[in-house]
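Input: a single structure, listed below in structure tokens.
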Amino acid sequence: MRLALVLLSLLPVSAQKLPVLVELFTSQGCSSCPPADTLLARLEKEQPVPGVEVIVLSQHVDYWDQLGWRDPFSSAQFTRRQSVYAARLGAQGNYTPQMVVDGKVEFVGSDTRRALIAITEAAKRPKGDVRLTTVDRQPGAWIIRIDLADAPALVEVMVALVDPNVTIQVPRGENGGRELRHAGVVRTLSSAGSVAKSGGFSRTVMLKPSSQNQRAVVFLQAKNQGPVLGAALLP
């Protein structure tokens, strides 16, 4: 597989670490979710698998919102995304907490052992070269260029804006009275376009963070929310 994603400029890129995307479907209204939230934060902070860069996305679903507390980060979009994974990966419907590694395997999101095994296995698969860089004299503008060969027929270029660390006091619901901490909270998730097999891709996108600390994650995913073929984090 030869797969290259280039966002033009001069940020340093580690050639030694392979990116693995870890998605967590969670909710502040779910009493069993805080341990999974903690695990996701540990995976990002500790980077426990040698040679791997763990990139995390915390996606808050909305089906807990009617049970005493509306999660301010919840979105029907993330619930729909989870439903697609459930159908494709063989889960018995949506549940929380659920962790998905590189779009290939799902399991209960608080299972540390399963997470480490899945991340280690994901790092053995071919990955695209994803480079995040900036465009001179154009604040917020990024050029995405892809050279794609020997890959699935269609690959989606996904861009997420995330809050890296969030702490919130939950007054009601199953976690009422608790202070919850989240890592990699997705605020927006959108497609920057798609690239066909053996084709090319070049597009300028505008990234407008709503806060100074917000960052971007760009990842390549096979059609129908298939396997993740590459990812990179823009601090």
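The values are calculated or read from the model by the stated rules, or taken from the named source; none is laboratory data. Model, not experiment: these values are computed from the prediction. Using ideal geometry, Cβ is built from the backbone for each residue, glycine included, and neighbour counts are taken over all protein chains shown.
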*Among strands (runs of 3 or more DSSP E) lying entirely in the range 133-234, which contain 1 or more residues that are at pLDDT 95 or above and of a type in the set (Lys, Arg)?*
178-196
*asked:* If I ask for residues that are under 18 Å from the mean Cα position of the chain (by Cα), within 20 Å of VAL166 (Cβ to Cβ) and surrounded by 16 or more Cβ atoms within 10 Å (Cβ to Cβ), which ones from the range 60-88 would you list?
replied: HIS60, VAL61, ASP62, PHE73, SER74, SER75, PHE78, THR79, ARG81, GLN82
*If we keep just the residues of the range 7-49 that are modelled with pLDDT under 95 and out of contact with any Ser or Thr (no Cβ under 7 Å at 6 or more places or on another chain), which is nearest to ILE168 (Cα to Cα)?*
PRO19
*Scope the range 75-118; condition in a strand (DSSP E or B) and out of contact with any Leu (no Cβ under 6 Å at 6 or more places or on another chain); matching residues*: GLN98, VAL100, VAL101, VAL105, PHE107, VAL108
*Of (1) aliphatic (A, V, I, L, M); (2) surrounded by fewer than 22 Cβ atoms within 10 Å (Cβ to Cβ); (3) under 22 Å from VAL105 (Cα atoms), ALA231 satisfies all except one. Which?*
(2)
*Restricting to the range 44-56, what's the tally of residues that are buried (at least 21 other Cβ atoms within 10 Å of the Cβ) and closer than 17 Å to LEU180 by Cβ?*
1
_Within the range 89-103, take every residue that is at negative phi, surrounded by 15 or more Cβ atoms within 10 Å (Cβ to Cβ) and not β-branched (Val, Ile, Thr) and give me the one that is modelled with the lowest pLDDT._
ALA91
*Filter the range 47-65 for residues that are among the β-branched types (Val, Ile, Thr) and not in a strand (DSSP E or B) and give the result.*
VAL49, VAL61
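Regarding the range 29-43, can at least one residue be identified that is farther than 23 Å from GLY230 by Cα, among the hydroxyl-bearing types (Ser, Thr, Tyr) and buried (at least 24 other Cβ atoms within 10 Å of the Cβ)? It would help to see each step written out before you state the result.
Just the residues of the range 29-43 that are farther than 23 Å from GLY230 by Cα, to begin with: 29-38.
If we keep only those that are among the hydroxyl-bearing types (Ser, Thr, Tyr) as well, we get 31-32, 38.
From the residues that got through so far, the ones that are buried (at least 24 other Cβ atoms within 10 Å of the Cβ) too are none.
No, because not a single residue in the range 29-43 is farther than 23 Å from GLY230 by Cα, among the hydroxyl-bearing types (Ser, Thr, Tyr) and buried (at least 24 other Cβ atoms within 10 Å of the Cβ).
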